[in-house]
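Just below is one structure, and these are the notes that go with it.
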């Protein structure tokens, strides 16, 4: 079974959300079939930063990225999740 890489942005509720704690929460709460390949802080505007995540997941996952988006949105401090793109990879 192949994998896909999902690029998404996690938008915090405010500029007071600790993004280091948020990434720690994401790592501990995501199911094991999701693999965080990379993450970085991304400037949005006026001192507000978001998290850019690159996550590998099974290609034939029923519902696509819905469960991933729902899991992230349910975390404390998260306002919204925006998927930028999904691409198939054979490298993982």
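Every number in this text was worked out from the coordinates using simple rules, so none of it is lab data. This structure is a prediction, so every number in the text was calculated from the model and none was measured. As a convention, Cβ positions derive from the backbone with ideal geometry for all residues, glycine included, and neighbour counts pool all protein chains shown.
Observations, loosely collected:
- Angle in degrees between helix 19-29 and the longest Cα principal axis of the chain, rounded to the nearest 10: 30 degrees
- Label zone at residue 84, where the point sits 7 Å out along the Cα-to-Cβ direction: the range 47-64 residues whose backbone N lies under 15 Å: 49-56
- Each label was represented as a point 7 Å from its Cα along the Cα-to-Cβ direction; for residue 28 and residue 62 these points are 3.1 nm apart.
- Relative contact order of the range 3-89, pairs being alpha-carbon contacts under 8 Å that are 6 or more residues apart, as %: 52 percent
- Taking only alpha carbon atoms, the range 3-89 gives an Rg to Rh ratio of 0.95, where Rh is the Kirkwood radius.
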